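Below is one structure, written out as structure tokens; the observations come after it.
The values are calculated or read from the model by the stated rules, or taken from the named source; none is laboratory data. Nothing here was measured: the structure is a model prediction, and the numbers come from that model. Methodologically, a virtual Cβ is constructed for each residue, glycine included, from the backbone with ideal geometry; neighbour enumeration extends over all protein chains shown. Just the protein is used for accessible areas: all its heavy atoms, side chains included, with ligands, DNA and RNA removed. Shrake-Rupley method; radii C 1.70, N 1.55, O 1.52, S 1.80 Å.
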Amino acid sequence: MKALRLAAILMLAGGAAMVAPQAAQAQVNQLDAEINIIPDKVTKTTNGIRISLCLVGIPGTSQRIDSVDLVVGPKVIKATDIDGVDFERHFQFEDTGVQVIELDFPYTGPLSNKNRLVFHTEKGDVSAPAKQ
């Protein structure tokens with residue numbers, strides 16, 4: 001009877017290991033960048049567009065954004081202003097690990113989820129979609 005019980009436990013444990021979610025690998029790859037970027041909304045302004053974003057990082061760690069580029073096809077448009085943090089200054093992710101920022105770009109055309117934002121940080125470049 002003990003042998004049957006042990007065999008059943010091993011089969012269940014083996015089956016559970018086979019269906020373990022593979023998303024953990026993608027999460028590990030995202031953590032290598034030490035920052036995740038989630039686009040929220042795009043608003044037209046008098047001088048172009050403003051993109052609202054959520055930056056997600058590990059609470060208590062710091063990051064620095066030196067500049068941000070909007071890539072629309074072959075064009076690269078540099079951000080003219082940032083709100084929520086400052087360019088070329090360190091900021092810290094608080095207890096929630098979330099920092100909301102807004103970026104201004106002198107661009108008036110349409111955006112799609114194929115357009116990219118490239119954040120130039122002290123820890124390397126991080127790319128994200130410009131629109132959800």
Query - Checklist (1) closer than 19 Å to Leu111 by Cα; (2) modelled with pLDDT of 95 or more applied to Glu88, failing item - result: (1)
**Report entry** Extreme residue, most open to solvent (accessible area, probe 1.4 Å), among residues of the range 113-124 that are in a loop (DSSP other than H, G, I, E, B) and in contact (Cβ under 8 Å) with a residue 40 or more places away in the chain
**Finding:** Lys123
Query - Among (1) at pLDDT below 95; (2) on the phi < 0 side of the Ramachandran plot; (3) part of a loop (DSSP other than H, G, I, E, B), the one test that Ser127 misses - result: (3)
Query raised in the report: Out of the range 71-92, which residues are within 16 Å of Ala130 (Cα to Cα) and open to solvent by 100 Å² or more (accessible area, probe 1.4 Å)?
Result: Pro74, Lys75, Lys78
Query raised in the report: In the range 28-112, which strands (runs of 3 or more DSSP E) lie fully inside it and hold 2 or more residues that are within 19 Å of Glu122 (Cα to Cα)?
Result: 36-45, 48-56, 62-72, 81-83, 90-92, 98-105
